[in-house]
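All remarks here apply to the structure that follows.
Read the figures in this text as sums done on the coordinates, not as results from a lab. Because the structure is a prediction, the values reported are computed rather than measured. Here the Cβ is made from the backbone with ideal geometry for all residues, glycine too, and neighbour counts use every protein chain on show.
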């Protein structure tokens, strides 16, 4: 396979003990270091903004519209769950002011949490563009009860904000799936489906061989045109990272890493001024 991602060369110098023996096998040390360093390259967060640059998913949002999603991640045997509300606070001819707030479940009552919430402005000419991150500005975040403006350099280096705002998914292949009915807050929605997939690889030159890391992403999304923003009712992503050593040697190949994420619409609201045509 021809690598489609970065190509790295790694030189490692391992110091030996006084009696001439190496405390750890060079192959084990190098492979462990490389895998630890490269796993984040394959990680990608599934969220609403993943689909902003998809040509088949239409942006439709007005001031006052909101969506509420349950996000579940299963990675390396661990399961995490979050509930997030995305709201359009303001819309005009220049763009949208959007807010993203964590939500907690209090015995069935869902309450927005101000702490850790953030907001930003998205220019209208950024909708549908491949460089979504370049059209985001005026980012603010609530920290210790205070709303604080975050400089571009700071939020672009923040792991959560930069991944969330900057992760555009550009699939290698796409196909439509059959319609399916999903129930959202007591409403039956007949949804259309779309399956997307992409593959990326990285070649790492080691002192005695090559490590090829292949990362595949498969995303399935169901859509309904009554849901504001991008119409996403349910989405799931399966990400798998496999590493192959050449030559393989006597040691077993590193095990694959599997990450599964889902995004389920819990409820949504449409403002009285919703235009049905993008705000």
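At-a-glance table
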read-out	value
Gyration tensor verdict on the stretch 133-232 (Cα atoms; rounded if a/c is under 1.5, prolate if a/b is larger than b/c, oblate otherwise)	oblate
Ranked packing of 211-224, 255-268, 108-121, most packed first, by mean Cβ within 10 Å	211-224, 255-268, 108-121
Residue 124-residue 76 FRET efficiency (beta carbon distance; Förster radius 35 Å; 0.05 resolution)	0.30
Full-stretch length increase - residue 92, residue 195 - with 0.36 nm per residue and alpha-carbon distance subtracted	33.8 nm
Distance between modelled label sites at residue 112 and residue 271, nm, 7 Å Cα→Cβ extension	1.2 nm
Nearest-0.05 FRET efficiency for residue 146 and residue 56, computed from C-beta distance (R0 35 Å)	0.30
Ranked by how many other beta carbons lie within 10 Å on average, peptides 76-83, 234-241 from highest	234-241, 76-83
